[in-house]
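One structure is given below, encoded as structure tokens.
The values are calculated or read from the model by the stated rules, or taken from the named source; none is laboratory data. Given the structure is predicted, the values throughout are model-derived calculations rather than measurements. Heads up, the Cβs are rebuilt from the backbone with ideal geometry, glycines too, and the neighbour counts pull from every protein chain shown. Just so you know, the surface numbers come from the protein's heavy atoms only, side chains and all, with ligands and any DNA or RNA stripped out. Shrake-Rupley method; radii C 1.70, N 1.55, O 1.52, S 1.80 Å.
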Amino acid sequence: MTKGKVDALLGIVFGDEGKGKVVDYFTPRYDLVARFAGGPNAGHTIIFDDKKFVLRSIPSGIFDEGKTNIIGNGCVIAPDLFMYEARELEVAGYEVVQRLHISRRAHLILPTHRVLDRAYEAAKGEGKVGTTGKGIGPTYSDKAARVGLRVGDIQGDFIPKYEALKARHLQILSDLGFTDFDITDEEKTWLEGIDYMRRFPLTDTEHEINQALAAGKNVLAEGAQGSLLDIDHGTYPFVSSSSTTVGGVCTGLGIAPQNIGRVWGIFKAYSTRVGSGPFPVELFDETGEEIRRVGKEFGAVTGRNRRCGWVDLVALKYAIMVNGVTDLVMMKADVLDSFKEIKVCVAYEKDGERTESMPYDTEGWAPVYETLPGWNCDLTGVRAEADFPKEYADYIAYLEKQLATPISILSVGPERDATIIR
Ligand code: GDP
Ligand code: IMO
Ligand code: MG
């Protein structure tokens, strides 16, 4: 029997590239869909049959009833938010409990982790990361400090462990002078969420995935966030706290690198970023405003404005390198339908120095652009390559040449069917 493969779909910029849409679209080709990193900081939008869902912790393969979805050991999970998310799907008529397996090694986000997130952000003042406020940083910090609570803990005598970690957090908050909060109601719902989670198969998902691979089954690993938010390879300290790049697929699911098949790198036909941190291609003018308006670039989780700019080849080349991207997926070109010209950042410049490779710190670097003609027509109905306007085909060919990687999937609208495979 030929062993199965794990293909990875990774956001390769600052998140919100359209991962949810593409995972949902790809799911019929796979046996299992697994999240390997992050938690409810993610917001993955899926639109089909006039329905819209925004998933946070649950993998985007959940709508296909024959498939197993996995929340892997590299993830962090907030029981209360998870309960809301899963119940919404149940109310919409989807059976989630049997389809969704949760790793016993995944870490739990406590209500006090969220308070700590706020406290640390407040302490940073101007230098704040602009986190989603979901307690991600403090939870991964506790994991690394070896004091975290895991999903498996809720199968034993959980409350004393919970109280001990909570007490530790309250002490830190008191030391920081951050005392103006009340988690009474939140804690009640959170404990309800713990009970709710007990209905799900809480398993050793690394065994499950490896057994599936041995039986010739294929797995789709769904990335969260984006490569430039990776704890090691992103624009530190303005990053999330997990490994969002391809290495995270191995550690976050418990699989070996030789099991990885294709690495799909997903990006938009322009750039966005939410939260603070350097963003050389950011546009502060009407063009940036227009991209935000047409692309509806407002956060799916926090509702914040996403910062917008042109595509950044320096960033894309770097992400392609660290992830070993085999295929690119380009989303949302339809948002640029009415632009006369489209710019592409081909290098950065600072103090007379020019670079095409990602600097240690991107702060203060200015973009160097090349300009291409826009297509000035409606792409949303286009499904066949033969119908591509010349300028769109040229834009694709230009990017493929610059990035030395094929763009195998194109998306020209938020719905499932607005997808073109080449
Ligand atoms: P994710 O976090 O990577 O899953 O992406 P988000 O869901 O946060 O953001 C992507 C947004 O773009 C969502 O609102 C999608 O519905 C929408 N979207 C996805 N693909 C396309 C596309 O090709 N064109 C347009 N106009 N919108 C898209
Ligand atoms: P998806 O999976 C966009 C950003 C936050 C902040 C930084 C750290 O939907 O693409 P955190 O709460 O993780 O500590 O915040 O990372 N961020 C995202 N930006 N998409 C996401 O997820 C993100 N998850 C985190 O805005 O700048
Ligand atoms: Mg998102």
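Listed values, structure above:
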| quantity | calculated |
| --- | --- |
| Segment Val54-Ser408, length gained on full extension (0.36 nm per residue, minus Cα span) | 124.9 nm |
| Of Gly93, Gly288, Gly74, the one that fluctuates the most in a GNM where the chain has Cα springs shorter than 10 Å | Gly93 |
| Within the range 1-33: backbone nitrogen closer than 17 Å to the Ile421 label point (7 Å, Cα to C-beta) | 5-9, 21-33 |
| Extreme residue, positive dipole direction of the chain, given options Tyr94, Val6, Phe279 (C-beta unit charges) | Val6 |
| Angle in degrees between helix 184-197 and the longest Cα principal axis of the chain, rounded to the nearest 10 | 90 degrees |
| Sum of -39500 (n - 2.57) over DSSP H runs of 4+, divided by residues of the chain (222 nm, nearest 500) | -9500 deg cm²/dmol |
| For the range 172-225 and the range 368-419, distance of Cα centres in Å | 38 Å |
| Total formal charge among the other residues, if their Cβ is under 13 angstrom from that of Val219, Lys/Arg +1 and Asp/Glu -1 | +2 |
| Contour minus Cα-Cα distance for Ile172 and Glu286 (0.36 nm per residue) | 36.6 nm |
| Sequence of His207, His169 when ordered by accessible area, the most exposed leading, probe 1.4 angstrom | His207, His169 |
| Highest average packing first - 258-264, 134-140, 272-278, Cβ atoms within 10 Å | 134-140, 272-278, 258-264 |
| Relative contact order [Cα under 8 Å, 6+ residues apart], the chain, whole percent | 21 percent |
| Beta bridge orientation in the range 260-335: antiparallel %, DSSP, nearest 5 | 50 percent |
| Estimated FRET transfer efficiency when R0 is 22 angstrom, pair Glu400-Asp232 (beta carbons, to 0.05) | 0.20 |
| Test item: Cα-centred dipole of the range 14-70, Lys/Arg +1 and Asp/Glu -1 on Cβ, debye | 140 debye |
| Charge dipole magnitude, Cβ of K and R +1, D and E -1 - the chain, Cα centre, debye nearest 20 | 900 debye |
| Virtual paramagnetic centre 7 Å along Cα→Cβ of Asn305, amide N under 15 Å, in the range 238-275 | 272-275 |
| Stretchable slack from Lys188 to Val147, in nm (0.36 nm times residue separation minus alpha-carbon distance) | 12.5 nm |
| Probe 1.4 Å, protein heavy atoms only - accessible area per residue of the range 204-345 in square angstrom | 34 Å² |
| Heavy atoms of Phe178: accessible area, 1.4 Å probe, square angstrom to 10 | 50 Å² |
| Antiparallel DSSP beta bridges within the chain, as percent of all bridges there, nearest 5 | 40 percent |
| Accessible surface of the chain, 1.4 Å probe, proportion on carbon and sulfur as whole % | 50 percent |
| Net +/- balance of residues flanking Val54 in space, Cβ distance below 10 Å, scoring K and R +1, D and E -1 | 0 |
| Cβ charges +1 (Lys, Arg) and -1 (Asp, Glu), total dipole of the range 232-293, debye | 320 debye |
| Nearest-10 value in Å² for the accessible area of Asp312, using the 1.4 Å probe | 10 Å² |
